[in-house]
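To start, the structure itself, in structure tokens.
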Amino acid sequence: MKVRINARKRKRMNNKNIFFRKKTRPVKVGPYILGDGQPIRVQSMAKVHTRDEQAVIDQAARLEAAGCEIIRVACATEEDIKALGKIRAKIRNPLVADIHFNYRFALEAIEQGVDKLRINPGNIGNEERVAEVVEKAKKHRIPIRIGVNSGSLEKDLMQKFGPTPEALVESARRHVAILEKHEFRDIVISLKATDVPTMIGAYRLASEKFEYPLHLGVTEAGTLVRGSVYNAIGIGTLLQEGIGDTIRVSLTADPVEEVKVAKMILESLELRKGVRVISCPTCGRSEVDTAKLAREVEDRASGLEGPLTIAVMGCVVNGPGEAKGADFAITGGKGTGMIYVNGEQVKVAPESELVDELFKEIRKRI
Ligand code: SF4
């Protein structure tokens, strides 16, 4: 039985007109359509050598369990390319081969059954090579992501524009023109920069110029906390403007953290309904360990299906009020706490048993 969604939450869920999603051309990646107003898909990248097939398969399983929908792998060597077929056969998510410069790798990756290529056609050599890759991608019906990055812009663009949104978009335009010349339009574009204002400016400009779906990301954003903030501001700003069709949070951290942050960005803008744990910042009024309770609730809630809101509040000052807007809530007392379901207090329990008791109530209802 699904939990009844209370009135305040239902009102919030119905208030969807704040976002106008810019319509982009639909591009199929495995079972998903990117663009065309379809749900925004979460991507991440394996952080082990692709040639180490089992390590990729294991990491992909963890990513999938965390909610990742598209997985990219770096293909730097012949051995990496040869591993793609086995990886493809063992994972459920669409697989993207990330290739730089080497058109032969691109051809072989398609043969191995990947669902998408990330390659910049302007970097793979002469017309013949481009034509070969495009023909094969067409035959196998797989899209190509053009990935422009502020760290590897063409020299002439750097001289003319510097590392600006205009330079990133002009670089993408050149690559797009090459594919369009070959009548290839299953294109996704990314324009990643390390600084957030440039990244935001580039995607805004691109959304005016191109009809293709945009893959959003801040590149080399940093470690967990800094990187999460930079990604949330960059990606979040654009999503809030209706720009973006798929997102990859880039962190110097376990890729599962990237997926968690990406999902939180989507949930914060109510573009996706997940399990949301609201917790107060705690203060001198709290007589329970609110941070520990919130961590435990968040860990145990990660296996639940949304939409669901759980509030963890340190005391009765704001606790009952927040509980009214949540499906389930804990409010701390003096070494004890109250449990609420849909805003109604259903139980009082000692602090040490609060989380267990909360989850007993949750399991009864979902
Ligand atoms: S709910 Fe209570 S403990 Fe938490 S921040 Fe507010 S006043 Fe402090």
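The long axis of helix 354-365 is offset from the longest Cα principal axis of the chain by roughly 70 degrees. Taking Lys and Arg as +1 and Asp and Glu as -1, the other residues whose beta-carbon sits under 14 Å from that of Gln38 total +4. Rounded to the nearest 20 debye, the dipole magnitude of region 165-294 is 180 debye, with +1 charges on Lys and Arg beta carbons, -1 on Asp and Glu beta carbons, and the Cα centre as origin. In the chain, the longest principal axis of the Cα atoms and the axis of helix 290-301 are about 60 degrees apart.
Think of it as helices only: each DSSP H run of n ≥ 4 in the chain is worth -39500 (n - 2.57), and spread over all residues that comes to -13500 deg cm²/dmol at 222 nm.
No lab work stands behind these numbers, since they all come straight from the coordinates. Remember, predicted model here, so these are calculated numbers, not experimental data. Methodologically, a virtual Cβ is constructed for each residue, glycine included, from the backbone with ideal geometry; neighbour enumeration extends over all protein chains shown.
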